[in-house]
Amino acid sequence: RPFWGKGLATEALLQWLDYGFKELKFQRICAKVFHPNESSSRVLLKCGFEYEGTLRRTLLHRRRWLDEHLYGILKEEYLQTERSA
């Protein structure tokens, strides 16, 4: 918790996206976040991901079904946001 809110996850994700798109030549990267993990969703959106949909009731956690939110980013979207930053 002492490291929450300091932008570390955002910076790490941006580095990973840079490596994935530029070095590994990926065309698309996706991520899934269990609802209600809003912090992780905000990190993805801040890094240029777009919300693509919800996979309903994918995990039973402590006797409660959780949904997964699906996010994705394309190489050209990442490169565009990188140039405008």
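The values are calculated or read from the model by the stated rules, or taken from the named source; none is laboratory data. On a predicted model such as this, the values are computed, not experimentally measured, just so you know. Cβ placement follows ideal geometry from the backbone for every residue including glycine, while neighbour counts extend to all protein chains displayed. Protein only, heavy atoms only, side chains kept; ligands, DNA and RNA dropped before computing areas. Shrake-Rupley method; radii C 1.70, N 1.55, O 1.52, S 1.80 Å.
Brief remarks follow.
- Each stretch of four or more DSSP H residues adds -39500 (n - 2.57); spread over every residue of the chain, this sum gives -10500 deg cm²/dmol at 222 nm.
- Overall dimensions of the chain by Cα: Rg and Dmax, Å: 14.2, 45
- Cα centroid separation, the stretch 1-35 to the stretch 41-85 (Å): 11
- Ligands, DNA and RNA are left out, and with a 1.4 angstrom probe the accessible area of the chain is 78 Å² per residue.
- Global form of the stretch 1-51, assessed from the alpha-carbon gyration tensor, a/c cut-off 1.5: oblate
- Modelled this way, with points 7 Å down the Cα-to-C-beta line, the labels at residue 60 and residue 30 are 2.5 nm from one another.
- Between helix 75-84 and the chain: long-axis angle, C-alpha atoms, 0 to 90°, nearest 10: 70
- Atom-type composition of the exposed protein surface of the chain places 54 percent of the accessible area on carbon and sulfur (1.4 angstrom probe).
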